[in-house]
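What follows draws every value from the coordinates through simple rules; no lab data is involved. What you see is a predicted model; the values in this text were computed from it and never measured. Here the Cβ positions follow ideal geometry from the backbone for every residue, glycine too, while neighbour counts run over all protein chains shown.
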């Protein structure tokens, strides 16, 4: 297993020329990584396709065996386990029935079930979920005042007094651009067109 190496710490850029040189190297390295990852993805997809093709006959036979043994177990299971167990080890397999998770069955549509439960007036059968509608609040608090109705302006002002606001953070990024015509802003790198294996 290859250990991940820590990235070499570089001094902060002092000039546009230094930035251009480093960004040129960034683009080359990023292209290499992207190309390798693309080859890995292609290889994985190819292996999955090969495995699916090779597995198809076995999976079909597994399904056929399952369907042939299932009705037999429904009749013979109680006799084999003396009616004391739901499963049994047999020929390298564990065969039997599993109890699934309980699910509630109720009258449909759901509003009829809700009305029936309300008639019992017992706490705990129904719950009301209240949650903050964040997109709507962001929309209101981000809209310039001159584009809001008087009522919305008052609501927004009250919300701000109560501590509501919208925050957006900026994060620094570098994205490699797709190749295009050579620019004076980019570093001419003879390896840029090559992707190392």
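In the elastic network of the chain, a GNM with C-alpha springs shorter than 10 Å, the most mobile of 63, 84, 167 is 167. With kT/(6 pi eta Rh) evaluated at 10 °C and eta = 1.306 mPa s, and Rh the Kirkwood radius from Cα pairs, the stretch 15-100 diffuses with a coefficient of 86 µm²/s according to Stokes-Einstein.
Kindly state, as a whole number, the per residue volume in cubic angstrom of the convex hull around the alpha carbon atoms of the chain. The partial results should precede the final answer.
On the way: hull volume 84.1 nm³, N = 197.
It is 427 Å³ per residue.
Kirkwood hydrodynamic radius of the stretch 104-166, from the reciprocal of the average inverse Cα-Cα distance over all distinct pairs: 15.1 Å.
Going by how many other beta carbons lie within 10 Å of each one, how would you line up 41, 30, 175, fewest first?
Details: 41 10, 30 13, 175 7.
By the 10 Å Cβ count, ascending, the order reads 175, 41, 30.
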